[in-house]
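The values are calculated or read from the model by the stated rules, or taken from the named source; none is laboratory data. Since we're looking at a predicted model, the values are computed, not measured. Positions of Cβ are generated from backbone atoms using ideal geometry, with glycine treated the same way; all protein chains shown enter the neighbour counts. We work out accessible area using only protein heavy atoms, side chains counted, and drop any ligands, DNA or RNA first. Shrake-Rupley method; radii C 1.70, N 1.55, O 1.52, S 1.80 Å.
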Amino acid sequence: MVRLYEYQGKEILKKEGIPVPSGSVASTPEEVKIFAEKLGKAVIIKSQILATGRFKAGGIKFASNPQEARSLADELLGSEIKGFKVEKVRVEEKIDILKEFYCSVIVVSSYKIKAPVLMFCTEGGVNIEEVAASHPEKVLSMPVDVLEGIRKEEIQTALSKIDLDSQLIETISDILFRLYNVARKYDALIVEINPLVLSRNGKIYAVDCRLMIDDSSAARHPELDFEIPRDTSKPLTELDKIAWKIEENDYRGVAYFMQLASIDDIKKGGYVGFHGMGGGGAMLGADALTRHGMKLANYADSSGNPPASKVYRLAKVILSLPGIEAYVACSPNIASQEMWHTARGLIKAFREDLKDKIGFPVVVLWAGNKEHEATEILMKWCKDLPIKLEVYGRDYIYELDFIAKRVRSLIEEYRKIKSER
Amino acid sequence: MAIILDENTRVLIQGITGREGQARSRFMLEYGTKVVAGVTPGRGGTEVWHIPVYNTVKEAVKERGPIDLTVTFVPGPLVKDAVLEALNAGIKKVVMPVERVPLYDALEIIAYAKRKGATIIGPGSLGLISPGKAVAGWIGGTEELAKDVFKSGPVGVVSRSGGQTTTVCWAITREGLGVSTAIHIGSEPVVGTTFAEALPLFEKDNETQVVVLFGEIGGTAEEDSAEIIKMGKFTKPLVAYIAGTSAQAGIRYSHASAIIEGGKGDAQSKIKALSEIGAQVVSSPKNIAPTVKRILKR
């Protein structure tokens with residue numbers, strides 16, 4: 001899923017008629033000062049990062065005048081919060097809050113529902129599931145038929161059955177109606193306003209916004225500005241961005257890459273470059289390596305029968321992780337995809353990048369379609385490389401502990417060779 | 001017997017003239033699937049491996065007689081119209097070996113199928129196979145591999161991982177046993193047939209004596225199956241495995257459905273739910289087939 005920043009979410013809410021506090025996004029302290037002057041009152045400065053729990057982490061500050069706003073923005077911009085570098089902040093008016101609520105639309109995959117569910121809670125800032133379990137009278141939970149949509153009157157009727165001030169029913173039902181339209185229009189897996197607030201002067205505002213767009217729908221939203229249309233719960237690294245380019249314009253099969261450790265950590269040793277070849281099986285390989293004390297520098301997966309050229313480019317990205325002590329291509333699957341394409345991709349990458357790596361461990365486990373042919377050509381075309389190459393087939397699918405131990409001892413041998421030189 | 005698909009199931013292939021459509025329709029024919037027609041708009045009147053191709057599903061049904069099941073080799077962003085067309089022409093089973101289907105398209109397909117009383121497998125499914133009878137989708141890849149890996153027998157297989165669907169069947173064959181039907185339910189965020197819906201089908205199938213469930217982190221499909229077992233909708237022995245025990249929260253491992261969000265859907269909660277209702281949850285996939293064998297011997 002594609003996570004949008006709070007400021008992007010709020011711009012969308014505003015466009016769809018859900019009120020948000022007046023404010024702007026800024027990337028310099030000077031801009032923050034100017035916006036604060038324009039607002040002419042106490043402001044909040046909120047770091048724009050793709051993580052929750054910003055307040056506790058010090059990413060949200062309050063300023064009573066523009067000068068203070070400027071200096072607080074100076075502290076926040078460029079700092080690192082929860083692993084993310086703060087590049088933008090949102091400056092907005094501080095709302096005098098009387099009451100907080102929770103509302104969201106979440107797509108639920110459970111067999112009972114398989115639909116977007118409209119949720120509302122008479123308390124804000126809460127864990128909705130806990131409240132739903134302990135105080136059902138405070139929670140509205142309403143699956144929506146995607147073919148019919150939802151009518152405002154239905155929401156009103158449902159709201160009248162929970163513990164909500166009857167004067168607020170009309171306003172809240174209007175917000176919820178619009179929120180469903182936001183989810184539908186922007187193909188959201190989740191759109192959440194937590195909290196939605198009632199101010200002392202009787203107005204409703206969305207004070208926060210969390211919006212996640214479905215990956216497969218991202219192409220339908222060129223108007224949204226995001227770097228990579230997929231999950232970015234961790235800050236993207238340079239390699240993540242390079243790897244995405246492999247996928248971006250090539251729909252033949254899937255080449256997925258995510259860096260899991262920082263380059264500095266990888267250089268300290270004990271890390272393996274990991275290349276899975278088929279979702280569920282790849283996960284088993286990753287589990288086994290972790291169980292045996294090795295750390296994954298990255299997670300990668302080539303599946304859905306990609307051509308050799310795509311596998312080659314993915315392998316090049318993995319091999320560029322500096323300091324990895326082994327390359328593990330692991331697919332404990334009877335694959336329906338033809339493994340010889342993968343073999344050809346790996347050979348080209350290995351011949352280019354491992355020709356001087358004496359004793360570098362490369363462990364391959366694959367099975368399924370064209371498994372024997374794949375092994376044969378990989379062995380043949382890597383014979384003159386100085387690496388330690390071991391290739392395993394279907395008889396080793398369930399011997400992942402053995403495979404992990406082999407990787408471990410090859411790494412130890414490799415370290416010995418390196419220290420002797 | 002088998003579930004959803006057997007040697008008498010009359011099958012249509014939508015998108016039959018495309019790269020995957022052509023390759024997999026040949027495989028399905030060679031394996032024994034009763035493929036009666038193909039559809040590609042604008043390509044009516046042609047043939048693929050002697051299968052007649054029509055412009056519309058309605059035309060295919062009119063010319064070839066009733067069709068039970070359609071397999072859609074149509075790109076994700078376009079597949080909704082193809083499925084709705086098939087449902088409107090009265091087809092009651094749809095297999096979707098298609099990835100990257102926009103979320104609300106998938107939701108609409110599933111909601112519409114429910115109205116029509118139809119079954120959707122996928123999206124993002126490798127397909128299903130009833131060994132020795134028929135195959136629908138990619139699963140098995142080639143006739144040679146499929147005949148080697150899949151044998152007919154009393155074990156039902158249902159999995160969230162495509163590759164592991166085949167692998168579990170291979171391991172079962174290695175133990176000298178066989179499979180009634182194996183289904184990959186699909187790797188997209190929302191799928192038409194979940195574990196909780198597949199298990200009751202295996203319950204009704206006389207041939208199936210035990211079911212293997214290959215689960216993954218993320219979502220609630222495993223917890224939901226425990227729930228329907230508690231309700232008595234599935235009473236046969238169940239052997240389960242959950243992949244992804246070392247996954248970190250919030251990090252997506254490969255496909256969209258295998259993600260832990262806000263502490264929900266981790267391996268422990270799934271293992272607990274399934275163990276509590278008496279399923280044999282094995283700690284390694286290696287133990288799946290031997291456990292099945294032990295259960296069948298009792």
**Prompt:** So which of B:Thr72, B:Thr119 ends up being more than 9 Å from chain A (Cβ to nearest Cβ) and under 23 Å from A:Glu148 (Cα atoms)?
**Reply:** B:Thr119
**Prompt:** If you take the residues of segment A:277-301 that are out of contact with any Gly (no Cβ under 6 Å at 6 or more places or on another chain) and not in a helix (DSSP H, G or I), which of them is nearest to the other protein chains (Cβ to nearest Cβ)?
**Reply:** A:Tyr299
**Request:** Of the numbered conditions (1) of a type in the set (Asp, Glu); (2) open to solvent by 30 Å² or more (accessible area, probe 1.4 Å); (3) in contact with a strand residue (DSSP E or B) (Cβ under 8 Å, 6 or more places away or on another chain), A:Glu238 fails exactly one; give the number of that condition.
**Result:** (3)
**Request:** Take segment A:75-96 and flag every residue that is among the small types (Gly, Ala, Ser) and either within 14 Å of chain B (Cβ to nearest Cβ) or in contact (Cβ under 8 Å) with a residue 60 or more places away in the chain (or both).
**Result:** A:Gly83
**Prompt:** Since A:Glu92 meets every condition but one in (1) out of contact with any helix residue (DSSP H, G or I) (no Cβ under 6 Å at 6 or more places or on another chain); (2) surrounded by 20 or more Cβ atoms within 10 Å (Cβ to Cβ); (3) more than 20 Å from A:Leu13 (Cβ to Cβ), which condition does it not meet?
**Reply:** (3)
**Prompt:** Does A:Leu198 satisfy the condition of being surrounded by 18 or more Cβ atoms within 10 Å (Cβ to Cβ) and either under 20 Å from A:Lys99 (Cα atoms) or without any contact (Cβ under 8 Å) to a residue 60 or more places away in the chain (or both)?
**Reply:** yes
**Single residue of segment A:97-118 satisfying the filter (open to solvent by 30 Å² or more (accessible area, probe 1.4 Å) and closer than 24 Å to A:Tyr205 by Cα) that is farthest from the other protein chains (Cβ to nearest Cβ)** = A:Leu98
**Message:** Filter segment B:164-187 down to the residues that are closer than 20 Å to B:Ala267 by Cα and either among the aliphatic types (A, V, I, L, M) or open to solvent by 20 Å² or more (accessible area, probe 1.4 Å) (or both) and list them by number.
**Reply:** B:Val168, B:Ile185
**Asked** What helices (runs of 4 or more DSSP H) lie completely within segment A:1-106 and have 1 or more residues being within 30 Å of A:Arg184 (Cβ to Cβ) and polar (S, T, N, Q)?
**Response** A:6-15
**Message:** Scan segment A:137-158 and tell me whether some residue there is open to solvent by 60 Å² or more (accessible area, probe 1.4 Å), touching a residue at least 40 places away in the same chain (Cβ under 8 Å) and over 32 Å from the mean Cα position of the chain (by Cα).
**Reply:** no
**Prompt:** With respect to the numbered conditions (1) in a helix (DSSP H, G or I); (2) touching a residue at least 60 places away in the same chain (Cβ under 8 Å); (3) not β-branched (Val, Ile, Thr), which one is the sole condition not fulfilled by A:Ser217?
**Reply:** (2)
**Message:** Among the numbered criteria (1) among the charged types (D, E, K, R); (2) buried (at least 24 other Cβ atoms within 10 Å of the Cβ); (3) in a helix (DSSP H, G or I), which one does A:Asp265 miss?
**Reply:** (2)
**Message:** Consider segment B:249-280. How many of its residues are in contact with a strand residue (DSSP E or B) (Cβ under 6 Å, 6 or more places away or on another chain) and either modelled with pLDDT of 50 or more or open to solvent by 30 Å² or more (accessible area, probe 1.4 Å) (or both)?
**Reply:** 7
